Amino acid sequence: MHQQLIIDKITSILSATDASYEEKLTGILDKASRIFIAGAGRSALVARFFAMRLMHGGYDVYVVGEIVTPSIRAGDLLIVISGSGETETMIAYTKRAKQLGAEIVLISAKSSSTIADMAGAVFQIGSPEQYGKVVGMPMGTVFELSTLMLLEATISHIIHEKGIPEEEMRTRHANLE
């Protein structure tokens, strides 16, 4: 019962999400010199997942906050994952990246927010009215799971569009596990 509740909710969110996002986001990724991804809390986990898959796909990608992440500069892309678009640390990262000339993309549940005002592109996941209290899916679960699915679909789009074989991706996979 609960598995179906989650599947149905994510399906409704993704059905209300612009179907062109996979292609649009791929175009933005391909133009960036380097890609930096940031999120807080569970959104940070989604950010790390997406960064890993982009690395497997051959992109030069970093997770903001990791000790080995270099400085961002003009020509780079900062992708911020924030359901509200109002997370204080993400606002600070966005302001700084924008000052340094980086492009900004926000992935959010809201099209209008402090971060959205600074972003060159906003990818709204679902619609605001879909994020009311959902029994059995507390505190942001709907946004994070829906975003994870959209970003994984974007990776699938990239793999198919560029013809990247899984064997090639596997050569970039961690081997010190």
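Here are a few things to note about the model shown:
- Amide H contacts for LEU78 (H built 1.01 Å from N in the peptide plane; partners 5 or more residues away or on another chain; cut-off under 5 Å): PHE36, GLU103, ILE104, VAL105.
- Taking Lys and Arg as +1 and Asp and Glu as -1, the other residues whose beta-carbon sits under 13 Å from that of ALA32 total -1.
- Calculated accessible area for the chain comes out at 54 Å² per residue, all protein chains present (probe 1.4 Å; ligands, DNA, RNA ignored).
- The string of couplings for segment 68-76 from the Karplus curve (6.51, -1.76, 1.60, θ = phi - 60°) is 9, 6, x, 6, 8, 8, 4, x, 8 Hz, one whole number per residue in order, with x for Gly and Pro.
- Amide H contacts of PHE123 (H built 1.01 Å from N, under 5 Å, at least 5 apart or other chain): LEU106, ILE107, SER108
- With the charge dipole of segment 13-71 set up from +1 on Lys and Arg Cβ and -1 on Asp and Glu Cβ about the Cα centre, the Cα lying farthest toward the positive end among the listed residues ALA47, GLY57, TYR21 is that of ALA47.
- 3J(HN,Hα) along segment 117-130: 5, 9, 7, x, 8, 10, 10, 8, 8, x, 10, x, 5, 7 Hz, from the Karplus curve 6.51 cos²θ - 1.76 cosθ + 1.60 with θ = phi - 60°, whole Hz, x for Gly and Pro.
- The simple Förster model, with R0 at 22 Å and r as the Cβ-Cβ distance, assigns ASP18 and GLU161 a FRET efficiency of 0.80.
- Pairs of lysines in the chain whose Cα atoms sit within less than 28 Å of one another amount to 14, provided the residues are eight or more positions apart or on different chains.
- Whole-percent carbon and sulfur share, accessible surface of segment 73-177, 1.4 Å: 54
- Segment 33-106 shape via C-alpha gyration tensor axes, a/c threshold 1.5: oblate
- Relative contact order for segment 25-177: 22 percent, from Cα pairs under 8 Å spaced at least 6 residues apart, divided by residue count.
- Highest-first packing order for the peptide set 144-152, 117-125 is 144-152, 117-125, based on the mean count of other beta carbon atoms within 10 Å.
- Highest GNM mean-square fluctuation among ARG42, ARG96, ARG34, for the chain modelled with Cα contacts below 10 Å: ARG96.
- Applying 0.36 nm per residue to the separation of ARG96 and SER127 and subtracting their alpha-carbon distance, the gain on full extension is 8.3 nm.
- Cα-based equivalent ellipsoid, the chain: semi-axes from gyration tensor eigenvalues, Å: 25, 21, 15
- In a fully extended conformation the segment linking MET169 and SER33 would gain 47.0 nm over its present Cα-Cα distance, using 0.36 nm per residue.
- When the residues MET52, MET1 are ordered by accessible surface, computed with a 1.4 Å probe over the protein chains alone, the sequence from largest down reads MET1, MET52.
The values are calculated or read from the model by the stated rules, or taken from the named source; none is laboratory data. All figures in this text were calculated on a predicted structure; none of them were measured in a lab. We place every Cβ from the backbone using ideal geometry, glycine too, and count neighbours over all the protein chains shown. We work out accessible area using only protein heavy atoms, side chains counted, and drop any ligands, DNA or RNA first. Shrake-Rupley method; radii C 1.70, N 1.55, O 1.52, S 1.80 Å.
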